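A short worksheet on the structure shown next.
The values are calculated or read from the model by the stated rules, or taken from the named source; none is laboratory data. Keep in mind the model is a prediction, meaning the values are calculated, not measured. All Cβ positions, even for glycine, are placed from backbone atoms using ideal geometry, and neighbour counts span all protein chains on display.
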Amino acid sequence: MNTAKEITMNLVLQGLDGSAAQQDRIAALTAPASITRLNAQALRCEGISFSPALRQTIDVAADAARLDATYLMGVRALSEFKLVAMDMDSTLITIECIDEIADMHGLKPQVAAITEAAMRGELDFSESLRRRVALLKGLDAAALQRVYDERLALSPGAERMLRAIQAAGLKTLLVSGGFTFFTERLKQRLGLDYTHANELEIVDGKLTGQVIGTIVDADEKMRTVQRVCADIGAVPAQAIVMGDGANDLKMMGIAGMSVAFRAKPVVRQQADVALNVVGLDGILNLFAV
């Protein structure tokens, strides 16, 4: 006789406009107790008898249909959380700022290759940052403003997500292995509560190829989440942490909900939630209305 305890879970399926038919088809595979249509882009299957085999089937089908599939225990309320902490480059924004700065110097291929290896976890982040910043030595600091004005774009759904979490009373933290030049401007633009990033040294209007102070690596990102939680009277289990690279894993690991956004495979595999198709506002569909 099988005495294993049955695990009952919910599944949220979401995609882009026009994906409702695919969602309905895949939802039927789960034999749910009920289905709740959340909006035109998402539905929730409730009371699924979870098994690794079912998850594999759903994951393959969802991937083929360009849907994001998220398994959850019960239905949580956004009000259970007090903080949303976000990585910046390739998470809150679509670019890697250092790669675009390097492009102004004709060095994007060299810098981008180091960035990509670091985000996959193949290089120590602090060492990779020093190597990349050193390549920028002598660049006119005006290139930073050009990158912000001409190339920096928010990720899809970022503003809607931020409006919703701010309206719900959650605090926001932008913690980045990138640079204060960009985090401070985004803080003002988006009304963020906290930011923490690396500071580029600038002398006589030129980048020196050095970073001032402690490098914001994986450990510093985790400590920052812990510090901000303490500051607002919360614990890390009350934080939603979003990232895309290997240097985000430690701060994601202490969170109450970790979200991999269009992330490297090593990050998707360890996160509670992986959003590969929908925008950042896809996290809103994971909570009770």
- [ ] Tell me which of these Ala62 doesn't satisfy, since it passes every other one: (1) surrounded by fewer than 19 Cβ atoms within 10 Å (Cβ to Cβ); (2) modelled with pLDDT of 95 or more; (3) not assigned by TED's automatic domain parsing to the domain that holds Ala218.
- [x] (1)
TODO: Filter the stretch 139-161 down to residues that are part of a helix (DSSP H, G or I) and either free of Cβ contacts under 8 Å to residues at least 60 places away in the same chain or small (Gly, Ala, Ser) (or both), then give me how many there are.
DONE: 11
Open item on the list: Here are the criteria: (1) in contact with a strand residue (DSSP E or B) (Cβ under 8 Å, 6 or more places away or on another chain); (2) crowded, with 17+ Cβ neighbours inside 10 Å; (3) not aliphatic (A, V, I, L, M). Tell me which single one Arg76 does not satisfy.
Closed with: (2)
Task: Residues (of a type in the set (A, V, I, L, M, F, W, C), within 23 Å of Ile215 (Cα to Cα) and crowded, with 24+ Cβ neighbours inside 10 Å) located in the stretch 241-260 - done: Val241, Met242, Met251, Met252, Ala255, Ala260
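Let's see how each residue does on (1) modelled with pLDDT of 95 or more; (2) out of contact with any Lys or Arg (no Cβ under 6 Å at 6 or more places or on another chain); (3) within 15 Å of Asp89 (Cβ to Cβ); (4) surrounded by 15 or more Cβ atoms within 10 Å (Cβ to Cβ):
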position	(1), (2), (3), (4)
Phe179	yes, yes, yes, yes
Leu186	yes, yes, yes, yes
Lys206	yes, yes, no, yes
Thr214	no, yes, no, no
- [ ] Please tell me if Gly106 is within 24 Å of Gly213 (Cα to Cα), assigned by TED's automatic domain parsing to the domain that holds Val175 and part of a loop (DSSP other than H, G, I, E, B).
- [x] no
Task: strands (runs of 3 or more DSSP E) wholly inside the stretch 227-289 containing at least 1 residues that are touching a strand residue (DSSP E or B) at 6+ places or on another chain (Cβ under 8 Å), under 26 Å from Ala42 (Cα atoms) and among the hydroxyl-bearing types (Ser, Thr, Tyr) - done: 257-261
Task: Failed item in (1) at pLDDT below 95; (2) of a type in the set (A, V, I, L, M); (3) buried (at least 21 other Cβ atoms within 10 Å of the Cβ); (4) part of a loop (DSSP other than H, G, I, E, B), with Leu129 passing the rest - done: (4)
TODO: Only residues that are part of a helix (DSSP H, G or I) and among the basic types (Lys, Arg): list them for the stretch 204-226, please.
DONE: Lys221, Arg223
TODO: Kindly indicate which of Ala158, Ala153 is closer than 20 Å to Glu96 by Cβ, assigned by TED's automatic domain parsing to the domain that holds Phe261 and surrounded by 18 or more Cβ atoms within 10 Å (Cβ to Cβ).
DONE: Ala158
TODO: Select from the stretch 79-115 the residues that are among the aliphatic types (A, V, I, L, M) and touching a Gly at 6+ places or on another chain (Cβ under 7 Å) and write down the one among them that is surrounded by the most Cβ atoms within 10 Å (Cβ to Cβ).
DONE: Ile98
Open item on the list: What are the pairs with Cβ atoms under 6 angstrom where one residue, in the stretch 257-285, is in contact (Cβ under 8 Å) with a residue 24 or more places away in the chain and the other, located anywhere, is surrounded by fewer than 19 Cβ atoms within 10 Å (Cβ to Cβ) and not in a loop (DSSP other than H, G, I, E, B)? Sequence gap at least six, or different chains.
Closed with: Ala274/Arg268; Asp281/Arg160; Leu284/Ala164; Asn285/Leu38
Task: Condition met for Val235 (more than 23 Å from Ile95 (Cβ to Cβ), touching a Cys at 6+ places or on another chain (Cβ under 9 Å), free of Cβ contacts under 8 Å to residues at least 12 places away in the same chain and not basic (Lys, Arg)) - done: yes
